[in-house]
Amino acid sequence: MLSRRLFARCLSSRRVFSTLNPVTDSDVTHFTRILSPSSVLSTLSPVSTPHDELDIYNTDWMGKYRGKSTTVLKPKTTEEVSEIVKWCHDKRIPIVPQGGNTGLVGGSVPLKDEVILSLANMSNVRSFDPVSGILVADAGCILQSLTDYVAPYDHIMPLDLGAKGSCQIGGNVSTNAGGLRLLRYGSLHGSVLGLEVVLPNGTILDQLTSLRKDNTGYDLKQLFIGAEGTLGVITGVSILTAPAPQASNNVILALPTFDNVVPLFKTVKRQLSEILSAFEFIDRTAYNLAVKHGQGRALSDEDVEGAECFILVETSGGRREHDEEKLADLLEHLLEADKPLINTGVLAQNPAQFSSLWALREGVTEAVSKEGKAYKYDISVPAATFKQVVDTTRDHLRSKGLLNEDAVKHVLGYGHVGDGNLHLNIVAKAYTPEIQAALEPFVYEIVASHRGSVSAEHGIGAMKTHALPYSKTEVSIALMRKIKELFDPRGIMNPGKVLE
Amino acid sequence: MRPSPSRLLNILVPVKRAVDYAVKIRVNSSQTGVDLNVKHSMNPFDEIAVEEAIRLREKHSPSTISSIQAITIGPPKSIDTLRTALAMGADSAVHVELPESSSSSDAASSSSPEPLGVAKTLKAWIDKQQQKGEGGGGKPVDLVILGKQSIDDDLGQTGQMLAGLLGWGQATYASKIELDVEKKEAKVMREIDGGSEEVRVKLPMIVTTDLRLNEPRYASLPNIMKAKKKPVEKLKPSDLGVDLTPIMETLKVTEPPKRVGGGKVESVDELVEKLKEHGFTAV
Ligand SMILES: Cc1cc2nc3c(=O)[nH]c(=O)nc-3n(C[C@H](O)[C@H](O)[C@H](O)COP(=O)(O)OP(=O)(O)OC[C@H]3O[C@@H](n4cnc5c(N)ncnc54)[C@H](O)[C@@H]3O)c2cc1C
């Protein structure tokens, strides 16, 4: 069964690549003519970059996917991107657009020897209007640097995620990244106001408007949000930033049982209402790993005793006294209830502690990657089922004899309760076919049984193309294929990703 | 028979509300000080001092340290800082309250008293405890633990001045404290240039804390709730017979000159040339 599926996948990937060509020396010569010397890395002549300098571009963040690209291009302008794409279109050379290469589904590295088109050299802010909060920036701007850019104007980016120091706004848009502020500011489908895109034939599509309202026909930019580089290369982004909250607080609550998570969410939502900005879940295993790998300072032994899981609550608002009073009332209410939903908790006393508490949550991704090889499932399921999903998966692995130091070390869950988004992580000593076979389609079937999504925010990439039918109907997938065909009839844009 | 300590130890921890270290400091428009309308928290070195007092209690039998008292000299909002100390584990607090400075945005450092004033106030409080004595409800202080400096004015003198005024021993820049309750002395590791130094000091004494002494704990929710019920005594400087009128005048506060970014050179030769231009020569 497994080998049949693998065989089918090989076939389909062969089909995708059968009409495409590898980069040749003469292509590289052409690229050196249209780009500045520092923008072309290639192991081919006449550039002859050493192989190892291309490793970081060929390897994904998890170290799970490895491409064999010979050539990385780092254009500095939209026109240069257009020139490159036009050439590749004519020569039928496949392209992988690459941002910060922090994607978690193998979408940002080549499956074979595609050209890597890195946006890293396009990192200028084009404009910022402090009145409307509209920011227009090159796609290669790093999320953190944009956050820093708008901060003096008392604005913040509408999204924030653990990879903020490396990921690019173009990559965020291409993956429709969710992250830690979604609960408060909504998804990029709402906050992205315009895009500039180089289409797969090299044409520049300029939709870089800064309008809040624009109902003039089909909203084409929406198609590129979450397209993972399969419909074109995003070169510019216009995005609505939010007024920076004047006061932020956070608290980590220790819960005796997972069953209390949903009732707690209801209580917290009701009492904090408009100042609630995050409600994040970390199970005990995830917490322990974050602490083990030094992500933020641990709570005292006394505070974590008997805790099955933790919830991080963040508030952001306009007036410190008001927010603190509201939060204090909530905490008092929680502690003094007849049947308390929480054991205890800690409240950040200053910005250093605020960051440290966040690090315990945000650092889980990194801690997991330090602990071993991670199988990551980023799924949407009802919040009430988070624990059940994690436990069922663990039991399943145990029943297959795979839960031990030499195979799967930990099964853990964390994520965004407010968005019904669970990060189910399986930490193994090494990636093996046995573990893979035990997990898939097992996990996807659980998801489908809850009518959930097999990819809540990380996308499909190369990792989940075969799993698409668990979340999308045949009719939807057929339409997606038609759209791909319309934009990219030659199939040069990130082949083998999203659609098989 | 083992000599028992004549009485149990009382620790006093002076704490200060300061502009949080994560805040980007801006000079106010009248150039009399910095913009104070920003996030404040407990001076980080004082947080270390509170933590150390609590750890000493946890390390010795709990009854050895009979009281940990936090004290602050500052405007009404300093009560938050005391509450934090109480939530971390101090037993009681004293607030020597100063009036709110006239306008928060252009208030100079005038709202924060000078080290000598603070040291005199602390001495007056300590003397008062001594006079009242254990019987009269006082808490005669055996050990004062305070930050080596406050990160707002960076003066770094209060601990030393207090030791001078009281005529007590002092161990500054502490990175480790070992208390010998029976001998009534402390062994303190001090951070000094290029290494560390161990000193032994008789109680009563003053310790100022350095960064490596410990890592302060989070305040847990039950402790935050309990802290609300712990006693805070309020006083005015005049109640202690001290006068905090500044003896130092701030003339002007200005931003440091903006750093200009470096330039790029095309070759080693050009680099050498540039270095020569700026007066660097090979030895
Ligand atoms: C520590 C960590 C935490 C994370 N947390 C979250 C989280 O909370 N929420 C979440 O949603 N995701 C999260 N992610 C994954 C997330 O998808 C990425 O971090 C981010 O959005 C990708 O940006 P990037 O610039 O690194 O893109 P890449 O990884 O370089 O690319 C991702 C995909 O987008 C395409 N792409 C990139 N740039 C462009 C462009 N300019 N034009 C067209 N296509 C492009 C690529 O081809 C690829 O398919 C996390 C990742 C890490 C490592």
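State, as an integer percentage, the relative contact order of chain A based on alpha-carbon contacts under 8 Å between residues 6 or more apart.
Answer for chain A is 16 percent.
Close amide H contacts of B:Ser196 (hydrogens built in the peptide plane, cut-off under 5 Å, sequence separation of 5 or more or a different chain): none are found. Phi angles of the range A:128-135 translate, via the Karplus equation with coefficients 6.51, -1.76, 1.60 and θ = phi - 60°, into HN-Hα couplings of 9, 10, x, 7, 7, x, 8, 10 Hz per residue; Gly and Pro are given as x. Beta bridges assigned by DSSP with both partners in the range A:50-180 are antiparallel in approximately 50 percent of cases. Of the residues B:Gly263, B:Gly167, B:Gly159, the one that moves most in a GNM of chain B with alpha-carbon contacts below 10 Å is B:Gly263. Computed over the protein assembly as shown, the convex hull of the alpha-carbon atoms projects to a mean area of 42.5 nm².
What share of the DSSP beta bridges in the protein assembly as shown is antiparallel, in percent to the nearest 5?
Within the protein assembly as shown, antiparallel bridges account for around 70 percent of the total.
Couplings for the range A:263-273, taken from phi via the Karplus curve 6.51 cos²θ - 1.76 cosθ + 1.60 with θ = phi - 60°, read x, 5, 4, 4, 4, 5, 4, 5, 7, 8, 5 Hz in order; Gly and Pro are left as x.
Here the 3J(HN,Hα) profile of the range A:421-438, calculated from phi with Karplus coefficients 6.51, -1.76 and 1.60 at θ = phi - 60°, is 10, 9, 9, 8, 10, 10, 9, 10, 5, 8, 6, 9, x, 5, 5, 3, 5, 6 Hz, Gly and Pro shown as x. Give the average, rounded to an integer, of partner chain Cβ atoms located within 10 angstrom of each Cβ in B:34-44. The per-residue average across the peptide is 2. Holding the Cα-Cα limit at 19 Å, pick out from A:Lys76/A:Lys213; B:Lys176/B:Lys202; A:Lys74/A:Lys464; A:Lys112/A:Lys373; B:Lys16/B:Lys77; A:Lys376/A:Lys429 the pairs that are longer than that. Violating the 19 Å Cα-Cα cut-off are A:Lys76/A:Lys213; A:Lys74/A:Lys464; A:Lys112/A:Lys373. Approximating the spin labels as points 7 Å out from Cα along Cα→Cβ, the A:Lys266-to-A:Tyr431 distance works out to 4.3 nm.
Under the definition of partner shielding as Cβ atoms of other protein chains within 10 Å of a residue Cβ, what is the mean value for peptide A:295-305? Write out the running numbers ahead of the final one.
Numbers: counts 0, 0, 4, 2, 3, 3, 0, 2, 6, 0, 0.
That average works out to 2.
Remark: mean inter-chain Cβ contacts per residue of A:352-359 equal 3, using a 10 Å Cβ-Cβ cutoff to other protein chain atoms.
Judged by the mean number of other Cβ atoms found within 10 Å, the most tightly packed of the peptides A:24-31, B:116-123, A:450-457, A:96-103 leads the ranking A:96-103, B:116-123, A:450-457, A:24-31. Long hydrophobic helices in chain B, taken as whole DSSP H segments with a C-alpha length of 24 Å or more on their own axis and mean Kyte-Doolittle hydropathy at least -1.0: B:115-132.
Between B:Val13, B:Val199, B:Val94, the Gaussian network model of chain B with springs among Cα atoms under 10 angstrom shows the greatest mean-square fluctuation at B:Val199. Here the range A:23-100 and the range A:355-423 have alpha carbon centers that stand 35 Å from each other. Pairs over the 32 Å Cα-Cα cut-off, from the set B:Lys128/B:Lys148; B:Lys120/B:Lys252; A:Lys91/A:Lys370: A:Lys91/A:Lys370. Secondary-structure-derived ellipticity at 222 nm for the protein assembly as shown, considering helices only, amounts to -9500 deg cm²/dmol, per-run term -39500 (n - 2.57) for DSSP H runs with n ≥ 4. Amide H contacts under 5 Å for A:Tyr65: A:Asp60, restricted to partners 5 or more places along the chain or on a different chain, H placed in the peptide plane at 1.01 Å from N.
Taking other C-beta atoms within 10 angstrom as a stand-in for reagent exposure, A:Phe224, A:Phe17 fall in the order A:Phe17, A:Phe224, fewest first.
Database remark: amide H of A:Gln98 closer than 5 angstrom to the amide H of A:Leu117, A:Ser118, A:Leu119 (H placed geometrically; neighbours at sequence offset of 5 or more, or on other chains; Pro and chain starts carry no H).
No value in this document is a laboratory result; all are computed from the given coordinates. Worth saying up front: this structure is predicted, and the values here are computed from it rather than measured. When we count neighbours, we look across all protein chains shown, and the Cβ atoms used for this are built from the backbone with ideal geometry, even at glycine.
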